[in-house]
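Worksheet for the structure shown next.
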Amino acid sequence: MFASDLLIAQNIGFFIIAALMVVGALRVVTTSNVVHAALWLVVVLAGAAAQYVLLAAEFVAVTQVLVYIGAVMVLFLFGTMLTRARIGAESDLNNKNWFVGLPVALTLLAAMLIALRDGFGNEKLPADAPLVSTQVLSDQIFGPYLLPFWALSFVLLAAVIGAIVLARRD
Amino acid sequence: MFFATETVETVETVLKSGWFLENAWLIPLMPVIAFVLIIAYGKKMPMKGSEFGIASLLASLAISVGAAYQWIQRVDSAAPEAFIAPVIKTWTWWESAGFSFGIGQHIDGLSLTLLVVVTLISTLVEIYSVEYLRGDIRYTHFFGALTLFSAGMLNMVLAENMIQLILGWEIMGMCSFLLIGHWWEDGANSRAALKAFFTTRTGDIGLLVGTSVLFFASNAWTQKTLGISGFTIRGLSAWALSGDPGHAAITVGAVALFIACIGKSGQFPLHTWLPDAMAGPTPVSSLLHSSTMVVAGVYLVARLYPVFFTGMNILGTNLNLIVLIGGITIVIAAALAFVQADIKKVLAYSTVSQLGYMMMGLGAGAWLPAVFHIFTHAFFKACLFLCAGSVSHSASHHSFDMKKDMGGLRKFMPITFATWIISTLALCGVFPFSGFFSKDEIIDNVGHNGYTMFMVLGLTGAFLTAAYMTRATYLTFNGKPRGAAAGAHDSHDAHDTHDAHASRGPHESGLLITVPLMILAALALGAGFLNPAPLGEKWERMKHWVEPRPEVISPTGISVMASGPGEARVLTSPRAEEAEHESPCGTTTPTGGICVAPQLDHAPFKWSKALMSMLIVFLGGFLSWVLCVQLYGKKNPKLVGLTQRNKALGAGYLFLQNKYYLDALYEKVIVHGIAHPVAQAVYWFNQNIIDGVVNGFGTVVRKVSGWVYRNVDQRVVDGAVNGSAAVAQNAGSAIRPIQSGKVNQYGALLFGAAAIGALILVIINT
Amino acid sequence: MLLNEFLFLGAILFCIGVYGVIVRKNAVLVLMSIELILNSVNINLLAFSLRNGSADGQTFALYVIAVAAAEVGVGLALVLLVYRNSRSISLDELSEMKG
């Protein structure tokens, strides 16, 4: 009984968070205020972190909070403030491409939903899957996936140098 | 090996090995070290870095020769029919996600042949370059790139697995780009470099696709049976002959790999880059674009021969992709060599044609003759190119135009002339020069294996070869000196920094140039005697040393006798009764054993056939000589300007001169004709959607018919006349609307295409 | 829980992100839309990681987060540079690179 209760709770949690995320995402792409868009993005990212917890990926969820909500969002807000003096609603954020964007997005959505429904149907996620501990994750990163990790270090290094070179005043 | 024994016997053979064989991986390492030294210290050295390159290549040459000697001892220590295991070493290069990638060496007769050839010719060419490029502005960089190229080629040749092979392959491609564009200040040179790079890259996609396909198809089998990954040469060879591969997988893999070979080895229809690549310095043409790099494709086919053997169904039918491409290339390239005025372009087309012989040989099951032709061709073609370089360096004022700036050089350059003649005779395949023993064997075996049509193509190619080489010889060395060779001084071009001696008129080149020429000519003369079929089996050392023996071995590498006839289901091929002994390799490998080489047989040598082909060669040479004397020597009015007067001949000449319009096809039809309508369509789409107005069917019809008129009628039909500048401009302006510069539109295009693609996939699958 | 719940959520977020990339004119907002796309990919990776009982998906989700951070850093530096040069970050005015 307890397990199924938990499952129901999980499901309810999932749908509440998912609804929040979808609303947030829609506001990100429709709002006419850049700062509001950034704040709605925080809602989506936090919701994603919550979904990661539901998916038994604690470490990724924590990283999501630290990196995205902690660092990336601050970067976005900095970028917004450095590039525009005014904080408030603006009319000039969208171009006139919505009649291209809407069909493309809807077509893509339809194709994906059909494919997913056909592909996975009512497949259930395992309810009692063992938690992937942080230790396992670190063994993965520094074991079989060491090479991508190295490549990633180079990407980050290049990004840091590139960002400094680009944003430097000279 | 007969199938007399009932029990599975293991024959313990102790094969000899030695230091050089075990440490052959040092061979590519030497030039790598030299490359680093040249880049770091080259400019400070007394000889500007060339000493590093030459020293490292001499060391590699010494190791290669030592290894070849020890390989011969290894072969001799084995029983006459025993399998000779290659000397394989592997270290783990990198590991990711459970896959491990090795690096190491795979040394057998084939790789040793190439190792010796590459190190020898690289050494000679570097010595020659010391003189030829003296005073060049990028002298040190030239030697750096040349040395790195040697490292790449050597690494590819002794590669233990496909990943290592791709590494060497791509290093060669990059160095080729650097060296063709060595004098990049001239726009034509950098264009040629780009063309070579892009054309070979087009083919290289096949290499990646083929390697991946073969890996995923074979890895399970190789891991289970041999305990090695599906990237290894040994694993792939054994897998291809095991009967395990599904037909589709191995065919797709082999075709994809062969596309890479077409690009790299300048086979039809991707041969157009090779003649343009002659824009590079002559030593580069000699080393990269005639004797070594361009045989990489041929080498790949020979290296992974079992894969191609099974994948292309060689010997199974009378036609396969390899033999077809090879045969077409022979004739098409040889015909093109007639209309060239540039001596290096004649040699370039000749190279393409000779590579066609090698491919045709491989495709028709003549493995050994093709490999032997790689060996002999390297010497005489390198020699011919270096002769051309010697002529332009010392006599014709850095011009390569035979019609304008050469002629009568026989008297001034006796050594160059003599070496040229020896190499030409070798190229034409005149007994007893080396080309005879290899080329004739290819033609002979192709006919013997039932590819009669291609034997005829080969003989036609031999006729054409003799004719165009006679024409080139006549124009260069006979008659009266013309233009620069006669002492005429026109304005100097860009890279004439080392020109003090040219004012002395034509003269023989210095020792640094003539000594490599003489060494190569001696090899062109004598190399054929390593495998002279006419002298009988005893003399065919190359066959004894190089050809892998189609024996059934156990996965650990020890020869096993095939199990009883009940198990070894030997398919009798139509030629089974002729062959001396029939091994199940290539048809049906018995369970429990593996093969790494298919059973091939050799055509018995007949003097009558050899005499016939010699007759054809002499006929070609003679006819061409007569024509040349009439046309260029006596200026026979009936012949001079015939192509202008006779319509049919003129059309043929124009057709050849425009290289079958292949370049025009690539630029006009593919770039222009396909990109243009796509761009037009997108533009139309943009205009109409943005305006929100559908202009109706009439506009479409008008636009389409207008487009047809403008492009099909005006451009394609008249297109041959319009220059390529106009093409580039038109193509550029055609794609302009797509390049609106608006990031959102790019995004819309990208995701729109993805959405449509996804939708199509969904519809197909439901 | 159904696997498809998460996959559908990922697909919806992805398409919203695509819509944002196409219609937004402000460069910072386009970068935000790209973040939406990357997050939807991460949800998929983790869902399959749970389904297959392997940690591979989680490893790659971490890599994706790291790459996204690098991408935002470089992207915002570019936006700053553009702003400094043209006093505007509207993508419509950035069409000097057109052919």
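Has region B:112-129 got any residue that is over 22 Å from the mean Cα position of the chain (by Cα) and without any contact (Cβ under 8 Å) to a residue 40 or more places away in the chain?
no
Residues checked against (1) at pLDDT 90 or above; (2) open to solvent by less than 50 Å² (accessible area, probe 1.4 Å); (3) in a strand (DSSP E or B); (4) at the interface with chain C (Cβ under 7 Å from one of its Cβ atoms):
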| site | (1), (2), (3), (4) |
| --- | --- |
| A:Leu26 | yes, no, no, yes |
| A:Val42 | yes, yes, no, no |
| A:Leu66 | yes, no, no, no |
| A:Met81 | no, no, no, no |
| A:Gly88 | no, yes, no, no |
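Can you confirm whether region A:100-107 contains a residue that is small (Gly, Ala, Ser), modelled with pLDDT of 90 or more, open to solvent by 40 Å² or more (accessible area, probe 1.4 Å) and part of a helix (DSSP H, G or I)?
no
Would you mention how many residues in region B:46-63 are open to solvent by 60 Å² or more (accessible area, probe 1.4 Å) and modelled with pLDDT under 85?
Qualifying residue count for the region: 3.
Say whether the condition of being within 24 Å of B:Val118 (Cβ to Cβ) and either of a type in the set (Lys, Arg) or open to solvent by 10 Å² or more (accessible area, probe 1.4 Å) (or both) is met by at least one residue in region B:382-390.
There is no residue in region B:382-390 that is within 24 Å of B:Val118 (Cβ to Cβ) and either of a type in the set (Lys, Arg) or open to solvent by 10 Å² or more (accessible area, probe 1.4 Å) (or both).
Output the residue which, of all residues in region A:143-170 that are open to solvent by less than 70 Å² (accessible area, probe 1.4 Å) and not in a helix (DSSP H, G or I), is farthest from the other protein chains (Cβ to nearest Cβ).
A:Gly143
Yes or no: region B:409-430 includes at least one residue that is surrounded by 24 or more Cβ atoms within 10 Å (Cβ to Cβ) and over 28 Å from B:Gly510 (Cβ atoms).
So far as region B:409-430 goes, yes, one or more of its residues are surrounded by 24 or more Cβ atoms within 10 Å (Cβ to Cβ) and over 28 Å from B:Gly510 (Cβ atoms).
Can you tell me which residue among C:Leu81, C:Leu62, C:Leu36, C:Leu46 is of a type in the set (A, V, I, L, M), free of Cβ contacts under 8 Å to residues at least 12 places away in the same chain, facing chain A (nearest Cβ under 7 Å) and buried (at least 17 other Cβ atoms within 10 Å of the Cβ)?
C:Leu62
Please go through (1) surrounded by 20 or more Cβ atoms within 10 Å (Cβ to Cβ); (2) over 25 Å from A:Leu75 (Cα atoms) for C:Glu5 and return the number of the only condition it doesn't satisfy.
(1)
Only one of A:Ala9, A:Ala61, A:Ala110, A:Ala19 is in a helix (DSSP H, G or I), farther than 30 Å from B:Leu749 by Cα, at pLDDT 90 or above and more than 8 Å from chain C (Cβ to nearest Cβ). Can you tell me which?
Matching residue, one of A:Ala9, A:Ala61, A:Ala110, A:Ala19: A:Ala61.
Taking region B:449-459 as the region of interest, how many residues are open to solvent by 20 Å² or more (accessible area, probe 1.4 Å) and not in a helix (DSSP H, G or I)?
1
Please work out which one of (1) in contact with a Leu (Cβ under 6 Å, 6 or more places away or on another chain); (2) on the phi < 0 side of the Ramachandran plot; (3) open to solvent by less than 10 Å² (accessible area, probe 1.4 Å) is the condition B:Ile343 fails and give its number.
Condition not satisfied by B:Ile343: (1).
For region B:146-159, give me the residue count where each residue is open to solvent by 10 Å² or more (accessible area, probe 1.4 Å) and over 18 Å from the mean Cα position of the chain (by Cα).
Here the count works out to 1.
How about region C:15-33: which of its residues are free of Cβ contacts under 8 Å to residues at least 40 places away in the same chain and more than 7 Å from chain A (Cβ to nearest Cβ)?
Result: C:Gly17, C:Val21.
I'm checking my understanding of the structure. Among residues of region B:435-448 that are farther than 16 Å from B:Gly326 by Cα and more than 19 Å from the chain's Cα centre (by Cα), which one is surrounded by the most Cβ atoms within 10 Å (Cβ to Cβ)?
B:Phe437
Are there any pairs with C-beta distances below 9 angstrom linking a residue in region A:118-141 that is within 8 Å of chain C (Cβ to nearest Cβ) and in contact (Cβ under 8 Å) with a residue 12 or more places away in the chain to a residue that is charged (D, E, K, R) and open to solvent by 90 Å² or more (accessible area, probe 1.4 Å), with the two at least 6 apart or on different chains, and if so which?
Every condition considered, the pairs that remain are A:Val132/A:Glu58.
Go through (1) crowded, with 24+ Cβ neighbours inside 10 Å; (2) modelled with pLDDT of 85 or more for B:Leu241 and report which single condition fails.
(2)
Go through the residues of region B:382-389 one by one and say whether even a single one is touching a Phe, Trp or Tyr at 6+ places or on another chain (Cβ under 6 Å) and either hydroxyl-bearing (Ser, Thr, Tyr) or under 23 Å from B:Leu110 (Cβ atoms) (or both).
The answer is no; no qualifying residue exists.
Could you run through region B:1-32 and say how many residues are modelled with pLDDT of 80 or more, of a type in the set (Phe, Trp, Tyr) and either over 30 Å from B:Phe143 (Cβ atoms) or buried (at least 16 other Cβ atoms within 10 Å of the Cβ) (or both)?
2
Can you list residue pairs whose Cβ atoms sit under 9 Å apart, with the first residue in region B:64-82 being surrounded by fewer than 18 Cβ atoms within 10 Å (Cβ to Cβ) and the second being of a type in the set (Ser, Thr, Tyr) and in a helix (DSSP H, G or I)? Count only pairs 6 or more apart in sequence or on different chains.
B:Val65/B:Thr119
Given the criteria surrounded by 24 or more Cβ atoms within 10 Å (Cβ to Cβ) and within 19 Å of B:Asp136 (Cα to Cα), does B:Ser399 qualify?
Considered against the rule, which asks whether it is surrounded by 24 or more Cβ atoms within 10 Å (Cβ to Cβ) and within 19 Å of B:Asp136 (Cα to Cα), B:Ser399 comes out as no.
Return a yes/no flag: does region B:282-300 have any residue that is open to solvent by 10 Å² or more (accessible area, probe 1.4 Å), over 18 Å from B:Leu347 (Cα atoms) and modelled with pLDDT of 85 or more.
So far as region B:282-300 goes, no, none of its residues is open to solvent by 10 Å² or more (accessible area, probe 1.4 Å), over 18 Å from B:Leu347 (Cα atoms) and modelled with pLDDT of 85 or more.
Using beta carbons and a limit of 7 Å, which pairs, at least six apart or on different chains, have the first residue in region A:25-40 and closer than 11 Å to C:Ser33 by Cα and the second one of a type outside the set (Val, Ile, Thr) and not in a helix (DSSP H, G or I)?
Taking only residues 6 or more apart or on different chains, the pairs are A:Val29/C:Arg24.
I'm trying to understand the selection: among the residues of region B:198-222, which are open to solvent by 40 Å² or more (accessible area, probe 1.4 Å) and at pLDDT 85 or above?
The answer is B:Ile205, B:Leu208, B:Val209, B:Ser212, B:Val213, B:Phe216.
The values are calculated or read from the model by the stated rules, or taken from the named source; none is laboratory data. Predicted model, so just to flag it, every value in this text is computed and none were measured. Neighbour counts run over all protein chains shown; Cβ positions are idealised from the backbone, glycine included. Note: accessible area is taken over every heavy atom of the protein model, side chains too, but ligands, DNA and RNA are not part of it. Shrake-Rupley method; radii C 1.70, N 1.55, O 1.52, S 1.80 Å.
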